[in-house]
Amino acid sequence: MLLYSQIWPPNLSLVEMYRFTIPSDALEGVYRFELGLYHRTSLTRIPVMIGDQWSVTGSVILGKLRVQDTPSPHPMFELSAHFEDNISLLGLDLSSPNTLDTLSITLYWQVRELVSYDYTVFVHLVDGRGDLVAQQDNMPQRGRYPTSWWDPGEIVLDTYSLGPLPKSPNERYWLRIGLYNLSTGIRLRLLGQEKDYVEVLLEWSDGHLSPQLGATSNCCEE
């Protein structure tokens, strides 16, 4: 029997069950369950307040579903950098085309315990003078997979694109990677260090920027 919302009495509690079938060709990745209401005629979503704030999407996120058939890959360059709040950067993949237009960076994140806050990631490229030449700041996977959703031990791949790249093949560059609280701007520090970012030296090799891991030369301080 259908029970339309316009005849719901006050304080009524309803229990509904929904079943979902995952397509056999579903792409690997993280999916989320969202719940909302909308007007049947206009298709306009009904605003919903979560806590003391209105939902931007007009829906409530109930949880996530991770589809993964293959084992997580290993990073091309290992880092094993540990930040505050139990967040680790295991390593990265890096590629730059011969056109020198963009630099693609894939980060490998992992948390040791559940994280209660949604941090923003920054990926900055600076030159030898400490000047910022390219950057990208956003929540992981462009906001689609915030840190509060991550499961302990799960490896999260997070890709960024920096460009246009400077056309100075004889100059060194440094890649700086870290996380911060968007509302306060406060960065997470590396455990046991004063720095609040991982720094990787990049040098030109055969028309590509390549990491020089283990290099002791540091860029100028911010």
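Some points to look at:
- Selection count, region 153-183, where residues are part of a loop (DSSP other than H, G, I, E, B), modelled with pLDDT of 95 or more and within 13 Å of Ser88 (Cβ to Cβ): 0
Matching residues to (1) closer than 14 Å to Leu202 by Cβ; (2) among the β-branched types (Val, Ile, Thr); (3) surrounded by fewer than 17 Cβ atoms within 10 Å (Cβ to Cβ):
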| residue | (1), (2), (3) |
| --- | --- |
| Ser104 | yes, no, yes |
| Leu107 | no, no, no |
| Val115 | no, yes, no |
| Thr120 | no, yes, no |
| Gly128 | yes, no, yes |
| Asp131 | no, no, yes |
| Arg142 | no, no, yes |
| Leu175 | yes, no, no |
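- Pair list, Cβ under 9 Å, 6 or more apart: region 75-86 residue at positive phi and touching a residue at least 60 places away in the same chain (Cβ under 8 Å), other residue outside any strand (DSSP E or B) and of a type in the set (Phe, Trp, Tyr): Asp85/Tyr117; Asp85/Tyr119
- Scanning region 129-146 for residues that are at pLDDT below 95 and within 24 Å of Lys64 (Cβ to Cβ) turns up Gln141, Arg142, Gly143, Arg144, Tyr145, Pro146.
- Sole residue being out of contact with any helix residue (DSSP H, G or I) (no Cβ under 6 Å at 6 or more places or on another chain), surrounded by fewer than 15 Cβ atoms within 10 Å (Cβ to Cβ) and within 18 Å of Asp196 (Cβ to Cβ), chosen from Glu171, Glu78, Glu84: Glu84
- Residues that are without any contact (Cβ under 8 Å) to a residue 60 or more places away in the chain, closer than 15 Å to Leu125 by Cβ and polar (S, T, N, Q), drawn from region 160-215: Ser161, Ser168, Gln212
- Positions within region 17-43 being of a type in the set (D, E, K, R) and either in the same structural domain as Asp158 (by TED's automatic domain parsing) or in contact with a helix residue (DSSP H, G or I) (Cβ under 9 Å, 6 or more places away or on another chain) (or both), in sequence order: Arg32
- 3 or more residues over 22 Å from Arg144 (Cβ atoms): qualifying strands (runs of 3 or more DSSP E) within region 1-109: 77-82
- Boolean, Ile46 is surrounded by 10 or more Cβ atoms within 10 Å (Cβ to Cβ), outside the structural domain of Ser116 (by TED's automatic domain parsing) and at pLDDT below 85: no
- Thr57 being in contact with a Gly (Cβ under 8 Å, 6 or more places away or on another chain) and more than 15 Å from Val198 (Cα to Cα): yes
- Filter pass, Gly143 being among the small types (Gly, Ala, Ser), out of contact with any helix residue (DSSP H, G or I) (no Cβ under 6 Å at 6 or more places or on another chain) and under 28 Å from Glu34 (Cα atoms): yes
The values are calculated or read from the model by the stated rules, or taken from the named source; none is laboratory data. No experiment lies behind these values; they were computed from the predicted model shown. Note that we place each Cβ from the backbone using ideal geometry, even for glycine, and neighbour counts take in every protein chain shown.
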